[in-house]
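Peer 1: Dropping the structure in here first, questions after.
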Amino acid sequence: MKPDVRPNLRAGVLAWLITVTVGAGWQLATRFGVTTTLTPIDLALLRYVLPALALSPVLMRHGCWTKERPLWILALIVTGGGLPFGLLGMAGAQFAPASHMGALLPGSMPIFVALLSAVFLGERFRRGRIVGLGIIVLGVACVVGTTFFGTTGGSNVLLGDALFISAGVFWAIYTVAYRKSGLDPWHGAALICFWSSVLVLPIWIMSPGAALLVAPLPDIALQVAAQGILAGLIGLAAYGVAIRHLGASVAAVSGAVVPALTALGGYVLLGEPLSWLTAIGVICVASGIWTYAGAPGLFLLSQSRAHPGGS
C-alpha cells in the first residue's frame, strides 16, 4: 500500500513559515557574526561541516559523487550552492547592512536563474514572470542606489552589494545545474556540504584571521545554531516539506518575505538605519519575487477556503 502523500495545507504553511524565519534569521546572524567576533571563514566552517556530519548517513548510502552524472555537473552544483556562494554572501555581510543582504541575495538569484535558463535550457517565460523580473531589477537598483545617492555607507557598502550579487550568480549556476542533474534533494545537500567541508577545512586552518577558537562561547553557540542547525538542516527540511504540500512556486515565494523580515530585523535587532530608498527597494524585490512566482498567495487563499480543516 502506498503511503498517504496528500497535500496538507496546515503542514505546508507551517513549513513555509519556518523557512521564512530561518532565512531571515540566518542573514541577521551572519551579519551579526562577521561584524563582531567571527570571520566569514569561521561561519563557512560551521555552515558546511556540521550539516555534512549530520548528513553523512545519506552520503554513505549514495556515495560522495554521482557515477551516473558528469563530474562537471557535480562541480557546478558544489561551486554554485556550496562554499563559493556561502563565502561571497558572508563576506558581503561584513560591508553592507542586513537590509541589503536581505534584498540583494534573494533578489539577484531569479534574475540570473532566468538568464541562464534561457541561454542553456532554452526556457521561455510568460509575461507575468518578465514583469516580476523587471520589478526585481528596479528593487535591486534602488538598494544599490542608496550608496550612489549618499543615503547609506560608501565604497565598502558598494563592495558588499557586489559580493551579494555575485553570490546570486553562483546560486543561479547551482539552480540550473541541479535542475539538469535530477539529484535527490538530500543527496544533493549532502554532496554540497561534504565537498564544501573538504574545501573549507584547509582554508580555515591556514587562515590567520580565523577566530572560532578564541571567540566568546555565546557567539559560537549562536552561529552553531544559525549556520549549522537552522540554515544547514532545519531550513532545508522545512523548504522540502513546503514544496511537497504547497508546490514549488508557492514555497519559492518565501524569498519575497525574507527581504522585509531581514530589513526589519536589522533595524530593530542590530540598530542599522533603514533609508527610504532601501525600503522602496526591499518592497520592489519582495513584490517582484511574488509576481515572478505567479502570485502564489492567491493559491493559499483559495486552498484555505476550500479546505478549512487544513488538509
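The values are calculated or read from the model by the stated rules, or taken from the named source; none is laboratory data. Fair warning: this is a prediction, and the values are worked out from it, not measured in the lab. Neighbour counts are summed over all protein chains in view; Cβ atoms, including those assigned to glycine, are modelled from backbone coordinates with ideal geometry. These accessible areas exclude ligands, DNA and RNA; they are computed on the full protein's heavy atoms, side chains included. Shrake-Rupley method; radii C 1.70, N 1.55, O 1.52, S 1.80 Å.
Peer 1: Can you tell me which of VAL113, VAL169, VAL143 is β-branched (Val, Ile, Thr), touching a residue at least 24 places away in the same chain (Cβ under 8 Å) and more than 23 Å from VAL78 (Cβ to Cβ)? If you could, list the steps in order and put the result at the bottom.
Peer 2: Numbers: VAL113 fails: more than 23 Å from VAL78 (Cβ to Cβ); VAL169 fails: more than 23 Å from VAL78 (Cβ to Cβ).
Testing whether each residue is β-branched (Val, Ile, Thr), touching a residue at least 24 places away in the same chain (Cβ under 8 Å) and more than 23 Å from VAL78 (Cβ to Cβ) leaves just VAL143.
Peer 1: From the list THR30, THR66, THR36, THR21, which one is closer than 20 Å to PHE170 by Cα and polar (S, T, N, Q)?
Peer 2: Going through THR30, THR66, THR36, THR21 in turn, just one is closer than 20 Å to PHE170 by Cα and polar (S, T, N, Q): THR30.
Peer 1: Also: Being β-branched (Val, Ile, Thr), buried (at least 18 other Cβ atoms within 10 Å of the Cβ) and either at pLDDT below 95 or touching a Lys or Arg at 6+ places or on another chain (Cβ under 7 Å) (or both) is the filter here; which residues of region 1-36 pass it?
Peer 2: Filtering region 1-36 for residues β-branched (Val, Ile, Thr) gives 5, 13, 18-22, 30, 34-36.
Filter once more, so that each one left must be buried (at least 18 other Cβ atoms within 10 Å of the Cβ): 13, 18-22, 30, 34.
Listed by number, the residues that qualify are VAL13, ILE18, THR19, VAL20, THR21, VAL22.
Peer 1: With the checklist (1) among the hydrophobic types (A, V, I, L, M, F, W, C); (2) touching a helix residue (DSSP H, G or I) at 6+ places or on another chain (Cβ under 7 Å); (3) more than 25 Å from ILE280 (Cβ to Cβ) in hand, flag the one item MET101 doesn't pass.
Peer 2: (3)
Peer 1: Let me ask something else about it. Hey, can you tell me all the residues within region 36-59 that are part of a helix (DSSP H, G or I), hydroxyl-bearing (Ser, Thr, Tyr) and in contact with a Gly (Cβ under 9 Å, 6 or more places away or on another chain)? So that I can check it myself, show each step before the final result.
Peer 2: Looking only at region 36-59, we keep the residues that are part of a helix (DSSP H, G or I), and these are 40-54, 56-59.
Those still in the list that are hydroxyl-bearing (Ser, Thr, Tyr) too: 48, 56.
Matches in region 36-59: TYR48 only.
Peer 1: Restricting to region 223-243, and then to whatever is within 10 Å of LEU46 (Cβ to Cβ) and surrounded by fewer than 19 Cβ atoms within 10 Å (Cβ to Cβ), can you tell me which residue is modelled with the lowest pLDDT? Explain how you work it out, then say what you get.
Peer 2: Here is the first cut: in region 223-243, the ones within 10 Å of LEU46 (Cβ to Cβ) are 223-229, 231-232.
Next cut, surrounded by fewer than 19 Cβ atoms within 10 Å (Cβ to Cβ) only: 224-225, 229.
Values: VAL224: 96, ALA225: 95, ILE229: 91.
So, considering only residues that are within 10 Å of LEU46 (Cβ to Cβ) and surrounded by fewer than 19 Cβ atoms within 10 Å (Cβ to Cβ), the one modelled with the lowest pLDDT is ILE229.
Peer 1: Among the residues that make up region 62-74, is at least one of them out of contact with any helix residue (DSSP H, G or I) (no Cβ under 8 Å at 6 or more places or on another chain), free of Cβ contacts under 8 Å to residues at least 40 places away in the same chain, part of a helix (DSSP H, G or I) and of a type in the set (Lys, Arg)? Even if it seems obvious, please write down each step before you answer.
Peer 2: Kept after step one, since they are out of contact with any helix residue (DSSP H, G or I) (no Cβ under 8 Å at 6 or more places or on another chain), are these residues of region 62-74: 63, 67-68, 70-72.
Filter once more, keeping what is free of Cβ contacts under 8 Å to residues at least 40 places away in the same chain: 63, 67-68, 70-72.
Then drop every residue that is not part of a helix (DSSP H, G or I), which leaves 71-72.
Now drop any that are not of a type in the set (Lys, Arg), which leaves none.
No, because not a single residue in region 62-74 is out of contact with any helix residue (DSSP H, G or I) (no Cβ under 8 Å at 6 or more places or on another chain), free of Cβ contacts under 8 Å to residues at least 40 places away in the same chain, part of a helix (DSSP H, G or I) and of a type in the set (Lys, Arg).
Peer 1: For ALA96, which of the numbered conditions (1) open to solvent by less than 10 Å² (accessible area, probe 1.4 Å); (2) assigned to a helix (DSSP H, G or I); (3) of a type outside the set (D, E, K, R) fails to hold?
Peer 2: Just one mismatch for ALA96, condition (2).
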